[in-house]
Amino acid sequence: MTCYLLWFEVFYKLLNILDDYTIKGQHSYFAVPDTRELPSIPESRNLTAYFVAVDVNDMLHRYASMRYERRILICCSKLSTLTTCVHGSAAMMYPMYWQPVYIPVLPQHLIDYCCVPMPYLIGVYSSLMEKVRGMALDDVVVLNVDNNTTETPFGELQSLPNDVVFSLKNRLKKVSTRTGDGMARAFLKTQAALFGSYSNALQIEPEPITFSEEVFVTHRSCAMRQFLQNAIQLQLFKQFIDGRLDLLNAGERFRDIFEVEINMGEYAGSDKNYPQWLFTVRKGGGAFFNTVRTKANPAMKTVYKFCKYHARMGIKEVKSRLKQKELTENGYSSTADTGGTGTGTGKEDTTAGSPPLRRQEGQCLHLG
């Protein structure tokens, strides 16, 4: 069975159910996977097998190699483990997606792909690895799953910011990472630490919204700048930024798990807080402002006027209540049935020509 949808868990269950169905005649149904959720252990077979087969140090090297878009070979003597390790390592790039050549299991007739002068992620069955090594392989990173070794001519791991690598390594070693979405979330936090401040480099005006690579690099620490200078040239990052810009300029709201993570405020990387930026974009700017303006209607305008008026009234009401409390404590009485704010003047309070707002406790203003 061949399908372009990478619904591994669904198809695995489907094949097992179909097997039972042929024997027992049972019926079942399957739900489309929720792409907004992080993969978890043991529900995700790819992630589970990857976590079991590869140790933490090799995971770190694999992540670093993919972050720099190297030519990467993963070899294993067990076919099922090979495919799950390739898919599992690629999944840890979220919210970015591996853009270059991607072959989970290399067929023998495509062995020449190992020599292409471009980045790739290829799974090689161990029986074919001897032939691969006999080819002219330059600057290739090789992970051997069977003996947990990594061969690399680069120092990618040392090129990543030390504090980011240290935090990721500690998270992966925690017991809590072994079940649930702990492992996927560890990599998500790393991605947020590296790229979560991308919103600070968005130029909202003039339209359309654009991304400033210079701002993105220079506003970070010296230790981070060298890494980011390289990262902005890679397809992984360009695809991510282009996708975000397309959504922003289309006036569409997006709130995936990466945005939720950076919305915590921990990864802003400057004095421009991410939640404040998000509010600014939603409030008005670029395509967002046009979207709100073109979709405005009389009811929405009424809501805006009411909220603005009610805010002013709220401040005056607080002041009036404080004044009333002071008068009562000094032995003075007030006129409570005037319909005003309780100041004892017998007059209704108005603000800037707006009509007086009368409401009893628990009542709401309904707008048509």
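The values are calculated or read from the model by the stated rules, or taken from the named source; none is laboratory data. None of the values given here were measured: they were computed from a predicted structure. Note that we place each Cβ from the backbone using ideal geometry, even for glycine, and neighbour counts take in every protein chain shown. Accessible surface is based on the protein model in full, side chains and every heavy atom, while ligands, DNA and RNA are left aside. Shrake-Rupley method; radii C 1.70, N 1.55, O 1.52, S 1.80 Å.
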Cα-centre dipole for the range 118-208 with unit charges at Cβ (Lys and Arg positive, Asp and Glu negative), debye to 20: 600
For the pair A223 and E151, how long in nm is the line joining their label points, each one 7 Å along Cα→Cβ? 3.3
Between C115 and V10, what length in nm is gained on full extension when 0.36 nm per residue of separation is reduced by their alpha carbon distance? 34.3 nm
For L247 and N170, extending 7 Å from Cα along the Cα-Cβ vector and measuring point to point gives, in nm, a value of 3.0
Can you work out the Karplus-derived ³J(HN,Hα) for every residue in the range 248-259? Use 6.51 cos²θ - 1.76 cosθ + 1.60 with θ = phi - 60°, whole Hz, and x for glycine or proline. 5, 6, 8, x, 8, 8, 9, 8, 7, 5, 5, 5
So, in Å, what gap is there between the alpha-carbon centers of the range 27-100 and the range 209-248? 24
Mind giving me the nanometre distance, one decimal, between the label points for E214 and M135, set 7 Å out from Cα along Cα→Cβ? 4.3
Can you give the FRET efficiency to the nearest 0.05 for D20 and Y102, using r as the Cβ-Cβ distance and R₀ = 30 Å? 0.35
At 1.4 Å probe size, with every protein chain present, just tell me what the per residue accessible area of the range 11-125 comes to in Å². 50
If ligands, DNA and RNA are left out, what is the accessible area of E9 with a 1.4 Å probe, given in Å² to the nearest 10? 50
Note: D163 to D55 extended length (0.36 nm per residue) minus current alpha-carbon separation gives 36.9 nm
Set the Förster distance to 30 Å, then compute FRET efficiency between K78 and Q235 from the Cβ-Cβ distance, nearest 0.05. 0.50
What is the calculated FRET efficiency for S126 to D34, with r their C-beta to C-beta distance and R₀ = 35 Å, to the nearest 0.05? 0.50
Local electrostatic count at I232 - Lys and Arg +1, Asp and Glu -1, tallied over other residues with Cβ under 9 Å: 0
